[in-house]
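Chemist: Before we start, here is the structure in question, set down as structure tokens.
The values are calculated or read from the model by the stated rules, or taken from the named source; none is laboratory data. Every value quoted in this text rests on a predicted model; they were computed, and no experiment measured them. Cβ placement follows ideal geometry from the backbone for every residue including glycine, while neighbour counts extend to all protein chains displayed. Ligands, DNA and RNA are stripped out before the accessible areas are found, and what is left, the full protein with its side chains, is counted by its heavy atoms. Shrake-Rupley method; radii C 1.70, N 1.55, O 1.52, S 1.80 Å.
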Amino acid sequence: GVPRCGASLHEPNKALRIELNANASCIWQIQRNANQTIRLIFSHFKFAPSSSCETESIKVFDGPSTASPLLGQVCDDTDAVPVLESSSDSLTFLITTNSVAFTRNFFVYYYFFSPGSITENCGGQLTGPNGTFSSPNYPAPYPQFRYCVWHIQAPKNSKINLEFQDFFLELDRNCQFDFTAVYDGPTSDSGLLGKVCGRAQPTFESASNMMTVVLSTDGTSSYRGFSAQYSTAPLPGPMAPNTTLTCSSDSMRIVLNKSYLASLGFREAHLQLNDPSCRPVVTDSVIFSFPLASCGTIKKDDGHSITYTNTISLAPAGSAITRHRNTEITAQCTMSNNETLELIYTTTNNAIQNLAAEGRYNVSMAFYESELFSKPIQYSPYYVDLNQTLFAEVTLHSTDPNLQVFIDTCTASPQPGFGSLTYDLIRSGCNKDDTVVTYPAFENHGRFKFRAFRFLRSFPSVYLQCDVVICDSNTTNSRCARGCISRQKRAISPYTWKTNTEVGPIRLKRDLRAAEHSEFLTEVEAEKTPNLQQYNFYTLAFVVLISNILIVVAVIMKHH
């Protein structure tokens, strides 16, 4: 049917064909008393032409209302087939339209499933220069309500050629029911190369050494599926020795080989960035080195990572004209959890070169004497009293002024592996210990304080593991902006910044008598964490994991 505007849905699976006009604001709620997860697929969407996310979008919330955490957003420029999964048995989506007179069309279906079940066992990782894969049960009909993802990774400096030798899926004009989607990159968040269904023998070519293939099926007709093979080939164009892109928390550095530029017909005197005033330093190589947030760099926060992109414009040497169809080099830094920097060449149209590298933010942690956070503790050991207030600050060292640090979760454990014995100080941005106070975001700092405590009975160490999120402060729906979330949702993606640093230790002041301060000791009582009653901690250590940012603070307290 064609729901007019919103509905409350309780069926285990359902398909919706939705038509909306101008100035609509409609809410669909999916909820069913089942210990399962909801998978929601927008297999076709058509918004008003040139609409923006601010005025027209689909917002999906991980829970029973629009007050639940935002799971994702679909807009006119979404370059993917959106697939969203809830963390429980309820999910809500809101469609809003602007004032443009236009009939919007959407096709969405959902179904409940059990993560990790045998019915979810499809797809996989494919590596090497070539390989084959097929749909479940091929050549017999594929199962209903199946979502399979294949990740293909070929050797570096190569591209992937994918060929479907046999392909037979349910046919419809917009591939709304059963479809295969191919993405040009490591995930389904990469650029969409195409979506196909019906009878065909499609082929695809990647721009790098990674490709993602998705098969999605609904609950109606099933057919033979597909059989596919992939091969690899070197990326086109001459490789550039000594051409590198380096990303750091502070800057982007591009080194171009002069001989390589000359082979393309360009010389260093004609190079510039998005901001023409930013010029290179020319030595044996051509070097651009500039702060991340300068020289016309474009920043984008997609919720999974933050990318910084700049373009080097090239003019041909010794001529006022060019017969190159494009004359630019694009450099992109992605701040992610991979500490290894990789240079990816994707040369097309004779003179386009994309340089891509992964970097990491530089984050450190220190204790301070007071909540003024003006005088850091610079000596070690740092002697403290039990029940003393400790002031901690996480600092992001970056030239980008529009980044924000948010302390999401801090958990204490007697073991660095964080097994079954844990105690929450902060969880999902919410203070769980009565002595914890988190300070409002201030520039590139995240700050909190708490009172030193010991556990009942002895144990050699206590570790504190903290998840810290870094966001674009201009993004209104980021994790940092949402603050305390009382109900933890499934993470859309891992947090993406990693580093290692260490401060401490902290020790108990030797000249204080335990009897004088026994009434001030902060005990971790049985009602907080019953399974920790039998332990008395003499050592308080902090291991702060910032997404994948690891900050270790050792706090050692000698028993009197």
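Chemist: Look through the range 66-100, keep the residues that are part of a loop (DSSP other than H, G, I, E, B) and within 12 Å of F45 (Cα to Cα), and return whichever of them is most open to solvent (accessible area, probe 1.4 Å).
Modeler: Across the range 66-100, the extreme among qualifying residues is D77.
Chemist: Right, next: Which residues, taken from the range 378-397, are at pLDDT 80 or above and open to solvent by less than 30 Å² (accessible area, probe 1.4 Å)?
Modeler: If we filter the range 378-397 for residues that are at pLDDT 80 or above, which is where we start, we get 387-397.
Residues satisfying the conditions are N387, L390, F391, A392, E393, V394, T395, L396.
Chemist: What number of residues within the range 108-118 are open to solvent by 10 Å² or more (accessible area, probe 1.4 Å) and on the phi < 0 side of the Ramachandran plot? Full working, then the answer.
Modeler: Going through the range 108-118, the residues open to solvent by 10 Å² or more (accessible area, probe 1.4 Å) turn out to be 112-118.
Now drop any that are not on the phi < 0 side of the Ramachandran plot, which leaves 112-115, 117-118.
Number satisfying all stated conditions: 6.
Chemist: Kindly indicate whether P139 is in contact with an Asp or Glu (Cβ under 8 Å, 6 or more places away or on another chain) and touching a residue at least 12 places away in the same chain (Cβ under 8 Å).
Modeler: Here the answer is yes, as P139 does meet what is asked.
Chemist: How about the range 167-190: which of its residues are in a strand (DSSP E or B) and open to solvent by 30 Å² or more (accessible area, probe 1.4 Å)?
Modeler: First, pick out the residues of the range 167-190 that are in a strand (DSSP E or B): 167-168, 179-184.
F168, D184, listed by residue number.
Chemist: Right, another one. Give the residue that is farthest from F112 (Cα to Cα), with candidates limited to residues of the range 1-55 that are β-branched (V, I, T) and either open to solvent by 20 Å² or more (accessible area, probe 1.4 Å) or in the same structural domain as F179 (by the TED database) (or both). Steps first, answer last, please.
Modeler: At the first step, the residues of the range 1-55 found to be β-branched (V, I, T) are 2, 18, 27, 30, 37-38, 41, 55.
Those left that are additionally either open to solvent by 20 Å² or more (accessible area, probe 1.4 Å) or in the same structural domain as F179 (by the TED database) (or both): 2, 27, 55.
Numbers: V2: 22, I27: 19, T55: 31 Å.
Within the range 1-55, the match that is farthest from F112 (Cα to Cα) is T55.
Chemist: Now, a different point. Identify, by number, the condition in (1) within 23 Å of the chain's Cα centre (by Cα); (2) under 17 Å from A15 (Cβ atoms); (3) in the same structural domain as P49 (by the TED database) that Y147 doesn't meet.
Modeler: The number of the failed condition is (3).
Chemist: Quick check, is A331 at pLDDT 65 or above, surrounded by 15 or more Cβ atoms within 10 Å (Cβ to Cβ), assigned by the TED database to the domain that holds T311 and on the phi < 0 side of the Ramachandran plot? Give the steps one after another, and end with the answer.
Modeler: Values: at pLDDT 65 or above: yes; surrounded by 15 or more Cβ atoms within 10 Å (Cβ to Cβ): yes; assigned by the TED database to the domain that holds T311: yes; on the phi < 0 side of the Ramachandran plot: yes.
Judged against the criteria, A331 is a match.
Chemist: Any residue in the range 191-199 that is among the basic types (K, R), part of a loop (DSSP other than H, G, I, E, B) and surrounded by 16 or more Cβ atoms within 10 Å (Cβ to Cβ)?
Modeler: First, pick out the residues of the range 191-199 that are among the basic types (K, R): 195, 199.
From what is left, the residues that are part of a loop (DSSP other than H, G, I, E, B) are none.
No, the conditions are met nowhere in the range 191-199.
Chemist: Among (1) modelled with pLDDT of 85 or more; (2) outside any strand (DSSP E or B); (3) farther than 30 Å from S251 by Cβ, where does K449 come up short?
Modeler: Failed condition: (2).
Chemist: Output the residue which, of all residues in the range 127-144 that are open to solvent by 40 Å² or more (accessible area, probe 1.4 Å) and assigned to a loop (DSSP other than H, G, I, E, B), is farthest from N13 (Cα to Cα).
Modeler: So in the range 127-144, the residues open to solvent by 40 Å² or more (accessible area, probe 1.4 Å) come out as 127, 129-130, 132, 134, 137-141, 144.
From what is left, the residues that are assigned to a loop (DSSP other than H, G, I, E, B) are 129-130, 137-141, 144.
Details: P129: 40, N130: 37, N137: 22, Y138: 25, P139: 26, A140: 24, P141: 20, Q144: 11 Å.
Of everything passing the filter in the range 127-144, P129 is farthest from N13 (Cα to Cα).
Chemist: Can you tell me how many residues within the range 270-314 are surrounded by fewer than 14 Cβ atoms within 10 Å (Cβ to Cβ) and in contact with a helix residue (DSSP H, G or I) (Cβ under 9 Å, 6 or more places away or on another chain)?
Modeler: Number satisfying all stated conditions: 1.
Chemist: Being more than 23 Å from N477 (Cβ to Cβ) and of a type in the set (G, A, S) is true for just one of A67, A34. Which residue is that?
Modeler: None of the others qualify; the one that does is A34.
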